[in-house]
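Notes for the one structure printed next.
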Amino acid sequence: LSSRIVALSLLLLLLVQAAVFSVVRISIEQSARGQVAQELAVGERVWRRLLDQNAQKLAQGAAVLAADFGFRAAVNSGDVDTIRSALENNGERIGATITALFDTDLSLRAVGEGQDEATLAPLLTQLVAPLTRQALGGQIALVAGQPYQFVMVPMKAPLIVGWVLMGFPVSERLVADMRALSDMHLALVVQPTGAPSRIAVATLTPDALQALQAITGDVTELPMGDDRLIARNVKLDTGMNGSVRTLLFRSLNEVVAPFRQAQ
């Protein structure tokens, strides 16, 4: 009888410990998920701020080139081929692969040499209005399915005599900067009009990237080995040639660990 009582007591003790462990584990995960959600919200603000700062830097570089004496002389020449060559050369100096010149009435005057004006003209014309309203601001848009950040600056002599527009591909360097700043993973997802979505740039490991590519609906979590990456969807307002969104990912295990240590 005493052996049965001891065995029953041990069994009850184990059940109580298991129940407590389960409750504590659930509580830890709920607390960690709440903290992850807060960190991802902060991460979204950091990402948007990084995009704004990058646009300001690009606009400042474009403004310097727009004020260059040689470039202004090329524009004043009135020769379209000379203007196209000057746009291309000046764009290359700061990494712009799309360049264009607009008149004061915001009509397209020329694009950089080697660029397809017929294809670019509709998009560039749409970009002009929002860009003229943003001092040192930028606009995200898709060109041939690739995400670009566009800036536009006035060319003055000393009054405004035209507008210079430049487009820069959103590079891996920018998302790598965000990864370094926030310790979060990023994936830039693009969906051209009438085409399926695809991942343009990502900081994820190959296994995590493969898992992401296999998901067809909304992404809320992403398995990565024995860890889970919690996701936040950040839409970048383009409205031109398709959509661009950023998926921010935060490791759940990295946030859970301090809670478990505290317990």
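The values are calculated or read from the model by the stated rules, or taken from the named source; none is laboratory data. What you are looking at is a predicted structure, and each value in this text was computed from that prediction instead of being measured. Please note: Cβ atoms are built from the backbone with ideal geometry, for glycine as well, and neighbour counts cover all protein chains shown. Note: areas computed on protein heavy atoms with side chains; ligands, DNA, RNA excluded. Shrake-Rupley method; radii C 1.70, N 1.55, O 1.52, S 1.80 Å.
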Next item on the list: Could you give me the percent of Cα pairs per 10 Å distance bin for the chain, shortest bin first, beginning at zero and ending with the bin that holds the maximum distance?
Entry: 6, 25, 24, 17, 11, 7, 4, 3, 2, 1, 0
Next item on the list: Over 19 Å, how big is the tail of the calculated P(r) for region 60-172, in percent of all Cα pairs?
Entry: 37
Check: What angle do you read, to the nearest 10 degrees and between 0 and 90, between the alpha-carbon axis of helix 117-132 and the longest principal axis of the chain?
Finding: 70
Next item on the list: Project the alpha carbons of region 140-186 onto their principal axes and report the range along each, largest first, in whole Å.
Entry: 46, 26, 12
Check: Using a 1.4 Å probe on the protein chains only, how many percent of the accessible area of the chain belongs to carbon and sulfur?
Finding: 55
Notebook entry, point to check: Nearest 0.05, what FRET efficiency do residue 220 and residue 80 give at R0 = 41 Å with Cβ-Cβ as r?
Noted result: 0.20
Notebook entry, point to check: Which value, in Å², gives the accessible area per residue of the chain when a 1.4 Å probe is used on the protein heavy atoms?
Noted result: 54
Next item on the list: Treating the angle as unsigned and between 0 and 90°, give the value, to the nearest 10°, between the Cα long axis of helix 80-93 and the longest Cα principal axis of the chain.
Entry: 30
Next item on the list: Express in whole angstrom the spacing between the alpha-carbon centres of region 174-245 and region 114-128.
Entry: 27
